[in-house]
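The values are calculated or read from the model by the stated rules, or taken from the named source; none is laboratory data. The model shown is predicted, which means the values in this text are computed figures rather than measured ones. So basically every Cβ, Gly included, is an ideal-geometry build from the backbone, and we count neighbours across all protein chains shown. Note: areas computed on protein heavy atoms with side chains; ligands, DNA, RNA excluded. Shrake-Rupley method; radii C 1.70, N 1.55, O 1.52, S 1.80 Å.
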Amino acid sequence: MCHFITATLPKTADHAALDAVARKFGRQFQPLTSPAVTAQLPSGLAYFLTTLAHCDCGTALGSARQAETRAPDWSAEETKLQKKGWSPAKVARALAQRQDKVALKQEASEKADHAQAASLEAFVSGVLRSGLTPELGLLLHSYRGPLDEEFSILRQAQVAPDARLAEVLPSAEEDVLYLFRAGT
């Protein structure tokens with residue numbers, strides 16, 4: 001399973017010029033054929049793959065929601081260690097060591113997420129400021145198979161031109177089409 005960020009652009013936009021803009025930000029607009037997904041898109045939109053890499057696993061898009069699911073259950077850990085017959089002091093020491101280790105990993109992860117988020121924000125802003133399109137849609141999905149697999153877009157979410165991308169992007173939900181509009 002891999003996450004991929006796909007995009008929508010108006011069919012009438014200059015896709016080649018927008019691809020050149022996207023590549024300045026380490027992304028692309030490669031046309032993507034997925035009949036099941038394109039049938040769910042609003043009319044007038046074309047569908048694209050944005051990654052230049054193998055996949056978008058670990059992306060900043062939706063990262064706040066993904067971090068919530070990875071949080072350790074310290075209460076369960078404590079119960080498990082107690083069932084092993086560990087003394088309260090040994091349990092406390094082990095949990096403190098594990099919590100310190102998780103905190104260090106989380107700090108490193110947050111720094112990497114911040115850099116990725118800044119890159120994704122720059123991509124969205126750069127595409128919209130290019131003057132080549134009034135709208136950019138982003139869709140995050142965890143693929144279990146090929147990029148043309150069927151899945152349902154849960155809904156569309158309009159993002160205001162003055163929205164803070166640093167807040168919107170990490171809180172994005174999978175399978176929701178986020179439509180970003182250029183400012184006026």
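Relative to the present Cα-Cα distance, how much length would full extension add between Asp14 and Arg98 at 0.36 nm per residue of separation?
Values: separation 84, 0.36 × 84 = 30.24 nm, distance 5.18 nm.
Contour length minus Cα-Cα distance gives 25.1 nm.
Per residue, how much accessible surface does the chain expose to a 1.4 Å probe? Answer in Å², no decimals.
Result: 56 Å² per residue.
Which residue, Ala92, Ala163, Ala117, has the most motion in a Gaussian network model of the chain that connects Cα atoms within less than 10 Å?
Ala92
What is the magnitude of the charge dipole of the chain about its Cα centre, with +1 placed on the Cβ of each Lys and Arg, -1 on the Cβ of each Asp and Glu, and no other charges, expressed in debye to the nearest 20? Let's see the in-between values first.
Values: 20 positive and 21 negative charges, 136 e Å.
Around 660 debye, computed over the chain.
Mind grabbing the accessible area of Leu169 for me, 1.4 Å probe, Å², rounded to tens?
Ignoring ligands and nucleic acids, Leu169 comes out at about 0 Å².
Just want to confirm a number: the relative contact order over the chain, from Cα pairs under 8 angstrom separated by 6+ residues, in percent.
34
On a full-extension model of 0.36 nm per residue, what is the gain between Gln158 and Leu179, subtracting their alpha-carbon distance, rounded to one decimal in nm?
Between Gln158 and Leu179, full extension yields 7.1 nm more.
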